[in-house]
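What follows is one structure encoded as structure tokens, with my remarks underneath.
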Amino acid sequence: MRKKILVIEDNELNRAMMSAILADDYDVLEAENGRAALDVLAVHRDSVSLILLDVVMPVMDDYTFLDTIRGDSELSAIPVIVMTQNTSEEEEVTALTHGATDFVPKPYRPQVILHRVASLIRFRETASMMNQLQYDRLTGLYSKEFFCQKVRERLDKTPDEDYVIICSDVENFKLYNDTFGREAGDRLLKQNAEALRVTMGEDGICCRYGADRFVCLRARGQKWIAQETFMQRAFSNLPGRRSITVKWGIYDITDRAIPVDLMCDRVMLAVDCVKGHYNRLYAVYDDELRSKLLRDKAITDAMETALAEKQFTVYYQPKYSLRDRRAAGAEALVRWVHPTWGFMSPGLFVPLFEKNGFVPKLDAYVWEQVCAQLRAWIDQGLDVMPVSVNVSRADVYQDNLAETLSELVRRYDIDPALLHLEITESSYAENPKQLIRTVEEFRRYGFVMEMDDFGSGYSSLSMLSHLRLDILKLDMKFLENEMEKTLEQSILNDIISMAHRLHLRVVAEGVENEAQLQRLIALKCDYVQGYYFAKPMPAEDFARHLQADKAADA
């Protein structure tokens, strides 16, 4: 594309002459004075590559014009060549002071003008390119690459100074963007950048590392800033200010030999550890965190092989009816028995699989294992009972999920009512419309729907009015917190009564002693499960447990 040049000259003959000199190589815009030139720039500010400015003009003189465009962050980047008959040193110094870039004397010499114009345009484009490489366009902080360069230079120049790298990450930034709009999101990022710049001081080095993540270098001895102070400084005038939370990662530079980008990777691993944790605002990268990350990587590397080799085993924890204290079903729980690591706690791998997206594969594996086991028990002539399986938040977003599960029970020729599907309250909070549609589809195929961990979130009451459920499973923390209260003060009493009015059966998990059991009996809870009755067990042990339970009643 041809570059645009703005010629500002009150003498029409001189303006025509300059336009003729430039016309073969450039598109020329003309203005007869400074005021008219500003009107032209208002329309073409993004496309003008250079300005040729006459010194003496009516309406607005050249110095006033120069001062005006220098006050505009975008226009000030456009190089200005002053055209003048007065080539004195005083005139040049004055023009340069007001922001001029170069001079051409009158009368005009076409080849000199063309060379100077071309050189200045190339210089501006090169400078602009370098600026884009070195600075983030939105926030003005260093770019990722230039930050790493500046940090390396600082570390090499100050070998006796101790430093830390800090990463800030805006929690749920995408949700903020979706709620308040892109413009508000950009404003949040710019104000966050400015607050970081002020907080880290003149000796700090700050950059926008990507998206809503910022990374800074500061001396280790600098006083850290409280979250509340930072929030007040950064976001006081933004919409939804109270919903904005910044999480922090800290990496203490003890080994200067490693690359700066690896230091940044470590500090971001630290901040990832506290994202999603309400009561934790920062984490420090240390040996313990490193060990956890290495363990997580080993688990991630092994998970596909483990699934293919069926290292995952389904355990069954019995549920008991409080009406007759007999087994009335079970909950399917996944366990991992690794050939080298041995029995692994679900607390080690399940949260990791929820983060890395492996949970849907594992859930599908469990569903099939449970259906196959139910079929085997039926073929053995055993009395089968319903088994509850987990349907995670990630599962809910799958297309044709209800059809997939319906096809599974058809393939193993079992009644859909034998497969209870557990959804969680957090699934409703995240996407209520999607979950309501999914539950309705499940019910049409004959599945029994359970709500797991009821009471662990904030949407319980409104949720029950929208979801058609069959069974409510109470969060075990309810039971822990209710034992010291009287029946009249018990929230559990109200919840169980409300559930019964909605024709929902109630399961209480985590029953560990006789006192808890007696409280639940008094509250007219329907079912219980917990270590007081039985721990989770392999399928063979569960079958024997049911047979023993049946024999005891005979």
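Descriptive notes on the structure:
- Ligands, DNA and RNA excluded, the heavy atoms of Leu138 present near 50 Å² of accessible surface to a 1.4 Å solvent probe.
- Degrees separating the helix 260-272 axis from the principal Cα axis of the chain, which is the longest one: 40 degrees
- For the stretch 52-179, fraction of C-alpha pairs farther apart than 26 Å, in %: 49 percent
- Magnitude of the charge dipole, the chain, Cβ model with Lys/Arg +1 and Asp/Glu -1, debye to 20: 980 debye
- When Rg and the Kirkwood Rh are both derived from Cα coordinates, the Rg/Rh ratio for the stretch 289-371 amounts to 1.07.
- By average C-beta atoms within 10 angstrom, highest first, the peptides 186-195, 387-396: 387-396, 186-195
- Along its first, second and third principal axes, ordered by size, the stretch 227-335 spans 62, 41, 21 Å in Cα coordinates.
- The stretch 1-122: equivalent-ellipsoid semi-axes (sqrt of 5 x gyration tensor eigenvalues, Cα, Å): 18, 17, 14
- Crossing angle, helix 144-157 versus the chain [Cα axis fit, 0-90 degrees, rounded to tens]: 80 degrees
- Hull volume per residue, based on the alpha-carbon atoms of the stretch 334-374 and their convex hull, is 78 Å³.
- Acute angle (nearest 10 degrees) that the helix 432-444 long axis makes with the longest principal axis of the chain, alpha-carbon atoms: 30 degrees
- Ordering of 41-54, 333-346, 351-364 by burial proxy (mean other Cβ atoms within 10 Å per residue, highest first): 41-54, 351-364, 333-346
- Taking the 1.4 Å solvent-accessible surface of the chain as the whole, the part contributed by carbon and sulfur is 50%.
- Above-threshold pairs, the threshold being 29 Å between Cα atoms, out of Lys144/Lys355; Lys361/Lys473; Lys247/Lys355; Lys157/Lys292: Lys157/Lys292
- Per residue, the stretch 328-393 exposes 43 Å² of solvent-accessible protein surface, assessed with a 1.4 angstrom probe and all protein chains in place.
- Each DSSP beta bridge with both residues in the chain is either parallel or antiparallel, and the antiparallel ones are about 45%.
- Working from the Cα coordinates of the chain, the gyration tensor eigenvalues give, after taking √(5λ), semi-axes of 71, 26, 23 Å in decreasing order.
- In this structure the stretch 1-157 gives 56 Å² per residue of accessible area when probed at 1.4 Å with all protein chains present.
- Lys, Arg +1 and Asp, Glu -1 on Cβ, resulting dipole of the stretch 53-93 about Cα centre, debye, nearest 20: 140 debye
- Residue ranking by accessible heavy-atom surface, 1.4 Å probe, largest first, among Phe442, Phe173 comes out as Phe173, Phe442.
- Solvent accessible area, Å² - Lys297, 1.4 Å probe, full protein context: 120 Å²
- Only Cα pairs under 8 Å and 6+ residues apart enter the sum, and on that basis the relative contact order of the chain stands at 8 percent.
The values are calculated or read from the model by the stated rules, or taken from the named source; none is laboratory data. For clarity, every value in this text was computed on a predicted model and none was experimentally measured. So basically every Cβ, Gly included, is an ideal-geometry build from the backbone, and we count neighbours across all protein chains shown. The protein model used for the area step is the full one, side chains on, heavy atoms only, and it has no ligands, DNA or RNA in it. Shrake-Rupley method; radii C 1.70, N 1.55, O 1.52, S 1.80 Å.
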